[in-house]
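Please read the structure below before turning to the comments.
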Amino acid sequence: MDGGTDIEWEPHQIALLGGGPPAAVTVALVALHLLGAVENGPRRTLIASGPEPEDLGPFEGTVLDCLHEPLTARELVRHPDVRLAVALTRIPLAEGGLLGHPWLRPTRGARRRVELWRERHPLPAARHGLTDDDTLLAVALHGDAALRLLLPRFALRTGLAAPDGAPSGGVRFSLGRGRFPRWRDEYEDSVSGAWGGGTDHGDHVGGGSGGGGGTD
């Protein structure tokens with residue numbers, strides 16, 4: 001993959017178009033995991049760890065702020081601050097014509113655009129050589145399949161990806177149960193999806209925007 005240089009949107013915004021709020025939070029958690037900013041808490045919770053990374057975007061920063069106390073992923077997606085961050089993330093997408101009124105669901109043009117991005121950035125064949133940006137874009141575009149390939153332990157232990165294979169005919173985000181190109185009614189419900197809890201740092205893929213090649 002080529003770091004998404006032809007895509008003007010951030011990975012969590014792409015995921016929001018593809019799988020709704022749970023998918024956007026999935027991408028944010030992966031970003032924080034790659035930065036070493038979250039770790040396992042008690043009873044399958046997530047908690048912030050170490051110093052806050054520099055230059056966090058507002059969406060990832062909000063997710064991290066909510067993890068200064070242990071939360072399960074289900075609690076995180078329901079957190080009022082995260083729900084507000086999702087609402088704010090929708091604004092530029094709507095202004096860009098990718099979300100339609102009145103329910104702010106992806107437009108037909110948005111669906112076509114995401115499919116084009118997926119064609120231009122297919123699922124990597126292996127983890128070796130991928131940067132963190134590559135990993136985030138792959139997860140945003142390919143959902144569970146990318147999580148199982150690039151961050152298998154993290155994805156399965158946190159419930160971000162189902163253990164079974166992705167269904168035929170579309171991309172799956174287990175948390176939001178969103179699939180391309182079919183857009184579920186629960187897109188608008190930021191608390192939908194089957195969340196799990198807990199992470200570890202056994203899957204660190206890439207080395208920032210210039211590195212690559214972590215191990216699982």
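The values are calculated or read from the model by the stated rules, or taken from the named source; none is laboratory data. All figures in this text were calculated on a predicted structure; none of them were measured in a lab. Cβ sites come from the backbone with ideal geometry, for glycine too, and all protein chains shown count toward neighbours. We work out accessible area using only protein heavy atoms, side chains counted, and drop any ligands, DNA or RNA first. Shrake-Rupley method; radii C 1.70, N 1.55, O 1.52, S 1.80 Å.
If you go through segment 147-165 and keep only what is surrounded by 24 or more Cβ atoms within 10 Å (Cβ to Cβ) and assigned to a helix (DSSP H, G or I), you end up with 147, 150, 154, 155, 158. For segment 35-64, filtering for residues that are crowded, with 16+ Cβ neighbours inside 10 Å, among the charged types (D, E, K, R) and either under 19 Å from residue 20 (Cα atoms) or free of Cβ contacts under 8 Å to residues at least 24 places away in the same chain (or both) leaves 1. In segment 121-137, of all residues being assigned to a loop (DSSP other than H, G, I, E, B) and of a type in the set (A, V, I, L, M), the one that is most open to solvent (accessible area, probe 1.4 Å) corresponds to 125.
Against the condition among the aliphatic types (A, V, I, L, M), without any contact (Cβ under 8 Å) to a residue 40 or more places away in the chain and touching a strand residue (DSSP E or B) at 6+ places or on another chain (Cβ under 6 Å), how does residue 67 come out, does it pass? Answer is yes for this residue.
Here residue 145 passes the criteria (1) out of contact with any Ser or Thr (no Cβ under 9 Å at 6 or more places or on another chain); (2) within 21 Å of residue 115 (Cβ to Cβ); (3) of a type in the set (Gly, Ala, Ser); (4) in contact (Cβ under 8 Å) with a residue 40 or more places away in the chain except the one numbered (4).
Please verify whether segment 56-69 includes one or more residues that are of a type in the set (S, T, N, Q), in contact with a helix residue (DSSP H, G or I) (Cβ under 7 Å, 6 or more places away or on another chain) and modelled with pLDDT of 90 or more.
Yes: one or more hits.
The residue list 101, 79 contains one member that is surrounded by 15 or more Cβ atoms within 10 Å (Cβ to Cβ) and touching a helix residue (DSSP H, G or I) at 6+ places or on another chain (Cβ under 8 Å), which is 79. Close Cβ contacts (under 7 Å, 6 or more residues apart or on different chains) running from residues in segment 119-133 that are without any contact (Cβ under 8 Å) to a residue 40 or more places away in the chain and within 16 Å of residue 147 (Cβ to Cβ) to residues that are of a type in the set (Phe, Trp, Tyr) and open to solvent by 70 Å² or more (accessible area, probe 1.4 Å) are absent.
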